[in-house]
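**Student:** Once you've had a glance at the structure underneath, I'll fire off some questions.
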Amino acid sequence: GIQVEQSPPDLILQEGANSTLRCNFSDSVNNLQWFHQNPWGQLINLFYIPSGTKQNGRLSATTVATERYSLLYISSSQTTDSGVYFCAVAGSSNDYKLSFGAGTTVTVRA
Amino acid sequence: NAGVTQTPKFRILKIGQSMTLQCAQDMNHNYMYWYRQDPGMGLKLIYYSVGAGITDKGEVPNGYNVSRSTTEDFPLRLELAAPSQTSVYFCASSWGGAQTDTQYFGPGTRLTVL
């Protein structure tokens, strides 16, 4: 199956700082999603972005499908951005599962 | 819309006990999924369903069973619970398959087997 690698594994930010999270994947994808898992464990959809660029408030994401990576940008970070960010992909037409990376743990300090 | 709901939120089982984790969605989604998340890891697919009456195994199906008698409900059955099944279980649903559509996740069930 598709391998998904996320970097960095951990990120500590001061409130107000900007950051970039990266997701590399080993094969072509038809689906790529970014999730935020908050400290209470809930998974929140951030972006459905198999290609291109999207923005939602202080968050934006870019997927370069031909080079097999995606980036998640957090600008002007807030303490509520803390949690684990997961990238998940689905590949070929017979691939019914999302393959998850191990996540990036983000801690935003006031 | 309530979205995807799961019950219970927490459960402690003794080794060898059985239980059913409930999952329901009110979005009329065709596809439903069960994942487990072990500490410090991403999610792994246990079972999925492409519609009522149709289910199939994912990456880690051993020790679990599912059924899908209606579009809305997708219960996960644990038979003979083992400590290795201690995990957080997430149910998800989508309109289209994983290749084409956003998956929406429930709040999770935290299960401990002692």
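The values are calculated or read from the model by the stated rules, or taken from the named source; none is laboratory data. Being a predicted model, the structure only gives us computed values, none of them experimental. Here the Cβ is made from the backbone with ideal geometry for all residues, glycine too, and neighbour counts use every protein chain on show. Only protein heavy atoms, including side chains, enter the accessible area calculation; ligands, DNA and RNA are left aside. Shrake-Rupley method; radii C 1.70, N 1.55, O 1.52, S 1.80 Å.
**Student:** Other chains' Cβ within 10 Å of B:31-39 residues: what's the mean?
**Tutor:** Per residue, the number of nearby Cβ atoms from other chains is 2 on average.
**Student:** Mind listing the phi-derived Karplus ³J(HN,Hα) values for the range B:48-53, rounded to whole Hz, using 6.51, -1.76 and 1.60 with θ = phi - 60°, and x for any glycine or proline?
**Tutor:** Using θ = phi - 60°, the values come out as 9, 9, 9, x, 4, x Hz.
**Student:** May I ask you to evaluate 6.51 cos²θ - 1.76 cosθ + 1.60, the Karplus curve with θ = phi - 60°, for each residue of the range B:68-76 and list the ³J(HN,Hα) values in order in whole Hz, giving x for glycine and proline?
**Tutor:** In residue order, the calculated couplings are 9, 8, 10, 5, 7, 10, 8, x, 10 Hz.
**Student:** Which whole number in µm²/s is D for the protein assembly as shown by Stokes-Einstein, with the Kirkwood Rh taken over Cα pairs at 37 °C and 0.692 mPa s?
**Tutor:** In µm²/s, the coefficient rounds to 184.
**Student:** How many Å² of accessible surface get buried when A and B come together, counting both sides, probe radius 1.4 Å, rounded to the nearest 100?
**Tutor:** When A and B are taken together, about 1700 Å² of accessible area is lost.
**Student:** Using all alpha carbons of chain A, what is the percent of pairwise distances in each 10 Å bin, ordered from the shortest bin to the longest?
**Tutor:** 16, 50, 28, 6, 0
**Student:** Further question: Test of understanding: in a Gaussian network model of chain A with alpha carbons linked when under 10 Å, which of A:19, A:82, A:70 would top the mean-square fluctuation ranking?
**Tutor:** Its mean-square fluctuation being the largest, the pick is A:19.
**Student:** Any idea what Rg and Dmax come out to for the range B:4-113 if you just take the C-alpha atoms, in Å?
**Tutor:** In Å, with Rg to one decimal and Dmax whole: 13.0, 40.
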